[in-house]
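Asker: Mind looking over this structure? Questions follow.
The values are calculated or read from the model by the stated rules, or taken from the named source; none is laboratory data. Values in this document were obtained by computation on a predicted structure and should not be read as measured data. Glycine also receives a Cβ, built like all others from the backbone with ideal geometry; neighbour counts cover every protein chain displayed. Quick note on the areas: whole protein, heavy atoms, side chains included, nothing else; ligands and nucleic acids left out. Shrake-Rupley method; radii C 1.70, N 1.55, O 1.52, S 1.80 Å.
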Amino acid sequence: QKCQCSSIGLEKSSSLSTGKSFQLDDVIEAQQFDRDILTDIFEVAREMEMIEKNSSGSKMLRGYLMATLFYEPSTRTRLSFESAMKRLGGEVLTTENAREFSSAAKGETLEDTIRTVEGYSDIIVMRHFESGAARRAAATASIPVINAGDGPGQHPTQALLDVYTIEREIGRLDSIKLGLVGDLANGRTVRSLAYLIAKYKDVKIYFVSPDVVKMKDDIKEYLTSKGVEWEESSDLMEVASKCDVVYQTRIQRERFGERIDLYEAARGKYIVDKNVLNVLPKHAIIMHPLPRLDEITLDVDADPRAAYFRQAKNGLYIRMALLKLLLLGW
Amino acid sequence: QKCQCSSIGLEKSSSLSTGKSFQLDDVIEAQQFDRDILTDIFEVAREMEMIEKNSSGSKMLRGYLMATLFYEPSTRTRLSFESAMKRLGGEVLTTENAREFSSAAKGETLEDTIRTVEGYSDIIVMRHFESGAARRAAATASIPVINAGDGPGQHPTQALLDVYTIEREIGRLDSIKLGLVGDLANGRTVRSLAYLIAKYKDVKIYFVSPDVVKMKDDIKEYLTSKGVEWEESSDLMEVASKCDVVYQTRIQRERFGERIDLYEAARGKYIVDKNVLNVLPKHAIIMHPLPRLDEITLDVDADPRAAYFRQAKNGLYIRMALLKLLLLGW
Amino acid sequence: QKCQCSSIGLEKSSSLSTGKSFQLDDVIEAQQFDRDILTDIFEVAREMEMIEKNSSGSKMLRGYLMATLFYEPSTRTRLSFESAMKRLGGEVLTTENAREFSSAAKGETLEDTIRTVEGYSDIIVMRHFESGAARRAAATASIPVINAGDGPGQHPTQALLDVYTIEREIGRLDSIKLGLVGDLANGRTVRSLAYLIAKYKDVKIYFVSPDVVKMKDDIKEYLTSKGVEWEESSDLMEVASKCDVVYQTRIQRERFGERIDLYEAARGKYIVDKNVLNVLPKHAIIMHPLPRLDEITLDVDADPRAAYFRQAKNGLYIRMALLKLLLLGW
């Protein structure tokens, strides 16, 4: 039941109106986005890719101040947000170790911290170790809050950049064949991605994972209820030969505790290497949320279908788009 | 006698000339400000509240660089200063853990560190764990230094924002009835506030605190010498019914060491809650330096007389004013 | 043999073409600079000294983003680079503890980290604990990389600022008499300086150090091969009376392990004090890479020949020059 906390909270809410008429107030969870909103956000992200140094676009957030309130370190995510803000001319207040925030250490509630920080800034990007923290922050703040990951819960900007990358690389989101590989039990990334891609038509998902970290039933049931075809497979080569996207993930050692043996068995099982590239369709791509250990071999990097560093870069554009939408509107 | 180090060093110096003719060189201790200077600073702070995004005011410190040299973490204070600098168009160099500053760790003196950092910046905001450190830094630096708290010593910008908040909320500083509640022995905030408010006419102060953390004699004697009426009371309700300002503080657990029993007894004794609100005059306010634990109950927050988050925000305006005055003059 | 890792890798490469026609791609090691390139860089540094607040020069890097990727703390170096970037109108993304970079902690390679960070920024300034790390980063990155120190290896911007300071203070680099004092075995600073100064004519170097930390043979042999006169001396007073530059260094306690007795003997042996000033030529200078403990007494600071804080400030101009050259070219 404790695992439930790593659920992405299926179908809780999605009551935003669609199209340019909707106003984005906070970014809390992947579920708040429907197809139309995603389309609109991706269009803005695409515009962000075009912004030149010292163009007027690069000054659109001049005068705005973003507070990055990180209760656990995540340098990659923090740099991505801070780069996004600065690329648009905005400024940043950084707290990399808000957990040791003198106030928090003294017992201050998250709500009180938010009330103080919102007095200093125009938007809060928060990373927290507790599921639900971002929602609480957004309920308190009168300025926009972006969830940059809250514990085992949500990391919605990662989910958005994943879907954006598929659309950007493959050219469509309907009729996608998607192979999810690796740690499907613990990776919130693949869970969110499965959830979001189910909003599109004619999608087929293959789950390829060691037995100890299989995709959980809640997502499978959700996909079925949405009419999304899915299949479990233990043959990565066969799956790769049929997919548009192979989404590889890291087996997370920290999930195995003392059972190093299980970890070692699991991590070596499905590796994306030259052999996989050999069967992968020419138009297909390899994705990975990074950091990568050896689940994708280094000799794959030079192949044009290796999309994971472009995927990381897309995170910049998605975050630029969200900052723009939250602070300036459409 | 060790407590003396937490003295605010009464009446040591106050030789600045008053009015717009005075030049602010550094901000080191509450005692450097007299009534006229406070009036002038508060006027500038008021102007700071009016500055709009992308107005010319928001660019007044463009090209200036502030170094935040923090030898102990204080995220709240740091963010407030950094926000102030950026709201005026200035830039910031941040060191959150200057104590581990490789140079300091290797035995470099504070003076040498200051001589290096002043080469990189236009103003230094320093937090230090040793009383007197800010004064030493200011004596060394040829650029302005602001004391953002030096150990048990001074935290002058907090003192200024407290007085500013009373003036801003009540509309005057003469003829104020002020209830100081909680840890009056260790809180430098309430000591500085008592000291500064004594510069005004017809002030009455009530001390309400558990016996173990009573206001010390030096401040009481100082107030008496200045003709300020004061009184100790154990009846928070009665005091609240007569005050313009109830200034609540946190009982600091770290001061009690092993004596958790004394801490628990002290912390529960005087709580600001709905009952206190019921007797509090309509025009009065509740203040608190934050962070707050449970010495003010959450149901007080919604009352318009709960001024503590506005008080925190006033810290931003006071710091903007000081940065402006130190870098650009009047 | 382990000491070899602290070698500055003599004569490995220096194949850059000279003069304004050369394009600076990365700054990795002192050896990449020859006389002509140094002359050109110093000319740009000199221009940097002239840049006024809010002049057009102070905006030349507007729109550019520098990532400071520090795998070990070095606040002094970091602030110097960040100040340099901001003085030119650029922006900064900071990671002070990249070693705990969640990704690195999870086993990500330096190369993968670089590939991600280069997506967020225009130039990377890297400090690393491993010799050779900067070269690996530069080989990976498609944006410029500056080595801000890699373990016992290189710290080329320190070497440049040292040579720049001699040229700036003495007015020439040929015919210099240079006394290197203190820890000559472990200090990469003096090793790099000896290496670079050997590119000039008619140079004479005196080594003055306790026996346990004498200059190593590789540098001595190199100097001899280049026709540079050098001499070991145990008489600091006599050396000081003949030098243009006395370059004092800190005896590094951390190099002595358990042998505190050896450390104490070594550190007290050669102190620059008033007596040294008395014999030092009027035009000569005292340099020190900082931090300084007591190897230069405090009463030396007021003498105009004490150049070490001006030297630190020159680091700012050198770094401004390098950032300009790497991002905008000549």
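Asker: How about the stretch C:180-227: which of its residues are without any contact (Cβ under 8 Å) to a residue 24 or more places away in the chain and among the basic types (K, R)?
Answerer: C:K220 - this is the single residue of the stretch C:180-227 that is without any contact (Cβ under 8 Å) to a residue 24 or more places away in the chain and among the basic types (K, R).
Asker: Output the number of residues of the stretch C:162-172 satisfying the condition of being touching a residue at least 40 places away in the same chain (Cβ under 8 Å) and open to solvent by 10 Å² or more (accessible area, probe 1.4 Å).
Answerer: The qualifying residues number 4.
Asker: Just one of the numbered conditions (1) within 23 Å of the chain's Cα centre (by Cα); (2) within 14 Å of chain B (Cβ to nearest Cβ) is not true of C:A284; which one?
Answerer: Checking C:A284 against (1) within 23 Å of the chain's Cα centre (by Cα); (2) within 14 Å of chain B (Cβ to nearest Cβ), the one that fails is (2).
Asker: Turning to a different aspect of this structure: Here is a list of conditions, (1) open to solvent by less than 10 Å² (accessible area, probe 1.4 Å); (2) within 18 Å of the chain's Cα centre (by Cα); (3) at pLDDT below 90; (4) of a type outside the set (V, I, T), and B:S7 meets all of them except one; can you say which number that is?
Answerer: (1)
Asker: Is there any pair linking a residue in the stretch B:107-122 that is open to solvent by less than 10 Å² (accessible area, probe 1.4 Å) to one that is of a type in the set (S, T, Y) and at pLDDT 95 or above, with Cβ under 7 Å and at least six apart or on different chains, and which?
Answerer: From the stretch B:107-122, the pairs are B:I114/B:T140; B:Y120/C:S80; B:Y120/C:S83; B:S121/C:S83.
Asker: Limited to the stretch C:269-304, what total is found for residues that are under 15 Å from C:P210 (Cβ atoms) and not in a loop (DSSP other than H, G, I, E, B)?
Answerer: 1
Asker: Something else: For the stretch A:173-197, enumerate the residues that are closer than 17 Å to A:K226 by Cα, open to solvent by 10 Å² or more (accessible area, probe 1.4 Å) and part of a loop (DSSP other than H, G, I, E, B).
Answerer: A:L173, A:D174, A:S175
Asker: I need the full set of residues from the stretch B:58-76 which are within 10 Å of chain A (Cβ to nearest Cβ) and modelled with pLDDT of 95 or more, in order please.
Answerer: B:S58, B:K59
Asker: Quick check on this structure: which one of A:G107, A:G119 is out of contact with any helix residue (DSSP H, G or I) (no Cβ under 8 Å at 6 or more places or on another chain) and facing chain B (nearest Cβ under 7 Å)?
Answerer: Details: A:G119 fails: out of contact with any helix residue (DSSP H, G or I) (no Cβ under 8 Å at 6 or more places or on another chain).
Every option except A:G107 fails the conditions.
Asker: Could you check, for the stretch A:246-268, whether at least one of its residues is among the β-branched types (V, I, T), modelled with pLDDT under 95 and either part of a loop (DSSP other than H, G, I, E, B) or surrounded by 15 or more Cβ atoms within 10 Å (Cβ to Cβ) (or both)?
Answerer: Quick first cut of the stretch A:246-268, residues among the β-branched types (V, I, T) only: A:246, A:249, A:251, A:260.
Keeping just the survivors that are modelled with pLDDT under 95 gives A:251, A:260.
Add one more test, that the residue is either part of a loop (DSSP other than H, G, I, E, B) or surrounded by 15 or more Cβ atoms within 10 Å (Cβ to Cβ) (or both), and what stays is A:251.
Yes, the stretch A:246-268 has at least one match.
Asker: Can you tell me which residue among A:G132, A:G153, A:G107, A:G90 is touching a Ser or Thr at 6+ places or on another chain (Cβ under 9 Å) and of a type in the set (G, A, S)?
Answerer: Checking each option against the conditions leaves just A:G153.
Asker: Only residues in the stretch A:291-317 that are more than 20 Å from A:G182 (Cα to Cα) count as the first member; pair them with residues that are of a type in the set (D, E) and surrounded by fewer than 17 Cβ atoms within 10 Å (Cβ to Cβ), Cβ under 6 angstrom, at least 6 apart or cross-chain, and list the lot.
Answerer: Going by the 6 Å Cβ cut-off, the qualifying pairs are A:Y317/A:E49.
Asker: I would also like to ask the following. Which is hydrophobic (A, V, I, L, M, F, W, C), under 29 Å from B:I28 (Cβ atoms) and touching a residue at least 40 places away in the same chain (Cβ under 8 Å), of B:L326, B:L262? Please lay out each step first, then the result.
Answerer: Details: B:L262 fails: under 29 Å from B:I28 (Cβ atoms).
Selected residue: B:L326, the only one of B:L326, B:L262 that is hydrophobic (A, V, I, L, M, F, W, C), under 29 Å from B:I28 (Cβ atoms) and touching a residue at least 40 places away in the same chain (Cβ under 8 Å).
Asker: Which condition number in (1) surrounded by fewer than 15 Cβ atoms within 10 Å (Cβ to Cβ); (2) modelled with pLDDT of 95 or more; (3) more than 14 Å from every other protein chain (Cβ to nearest Cβ) is the one that B:S14 fails?
Answerer: The single condition B:S14 does not satisfy is (2).
Asker: Can you tell me which residue is surrounded by the fewest Cβ atoms within 10 Å (Cβ to Cβ) among those in the stretch C:303-312 that are within 12 Å of another protein chain (Cβ to nearest Cβ) and either of a type in the set (A, V, I, L, M, F, W, C) or over 18 Å from B:G119 (Cβ atoms) (or both)?
Answerer: Only one residue tops the list, namely C:F309.
Asker: When you look at A:A134, is it in contact with a His (Cβ under 7 Å, 6 or more places away or on another chain) and either more than 10 Å from every other protein chain (Cβ to nearest Cβ) or surrounded by 21 or more Cβ atoms within 10 Å (Cβ to Cβ) (or both), yes or no? Quick ask: steps written out before the conclusion?
Answerer: Numbers: in contact with a His (Cβ under 7 Å, 6 or more places away or on another chain): yes; either more than 10 Å from every other protein chain (Cβ to nearest Cβ) or surrounded by 21 or more Cβ atoms within 10 Å (Cβ to Cβ) (or both): yes.
Yes, satisfied.
Asker: Same structure, new question: Counting just the residues of the stretch C:95-104 that are open to solvent by 20 Å² or more (accessible area, probe 1.4 Å) and within 7 Å of another protein chain (Cβ to nearest Cβ), which one comes out modelled with the highest pLDDT?
Answerer: Result: C:E100.
Asker: Still on this structure: How many residues are under 18 Å from A:L327 (Cβ atoms), out of contact with any Leu (no Cβ under 8 Å at 6 or more places or on another chain) and at pLDDT 95 or above when one looks only at the stretch A:21-39?
Answerer: 1
Asker: On the basis of being without any contact (Cβ under 8 Å) to a residue 12 or more places away in the chain and outside any loop (DSSP other than H, G, I, E, B), does A:A139 make the cut?
Answerer: yes
Asker: Now for a separate question. Going through the stretch C:21-75 one residue at a time, which ones are of a type in the set (D, E, K, R), part of a helix (DSSP H, G or I) and open to solvent by less than 30 Å² (accessible area, probe 1.4 Å)?
Answerer: Passing the criteria: only C:D40.
Asker: Could you say which residue among C:G151, C:G90 is more than 8 Å from chain A (Cβ to nearest Cβ), crowded, with 19+ Cβ neighbours inside 10 Å, touching a residue at least 12 places away in the same chain (Cβ under 8 Å) and closer than 21 Å to A:L316 by Cβ?
Answerer: Unique residue meeting the criteria: C:G90.
Asker: Could you tell me whether the stretch A:275-287 includes any residue that is surrounded by fewer than 17 Cβ atoms within 10 Å (Cβ to Cβ) and among the β-branched types (V, I, T)?
Answerer: Initially, the stretch A:275-287 is screened for residues surrounded by fewer than 17 Cβ atoms within 10 Å (Cβ to Cβ), giving A:275, A:278-279, A:281-283.
Checking the rest, the ones that are also among the β-branched types (V, I, T) come to A:279.
Looking for residues that are surrounded by fewer than 17 Cβ atoms within 10 Å (Cβ to Cβ) and among the β-branched types (V, I, T), one finds at least one in the stretch A:275-287, hence yes.
Asker: Residue by residue through the stretch A:265-289, note down the ones that are in contact (Cβ under 8 Å) with a residue 40 or more places away in the chain, over 21 Å from A:I176 (Cβ atoms) and of a type in the set (A, V, I, L, M, F, W, C).
Answerer: A:A265, A:A266
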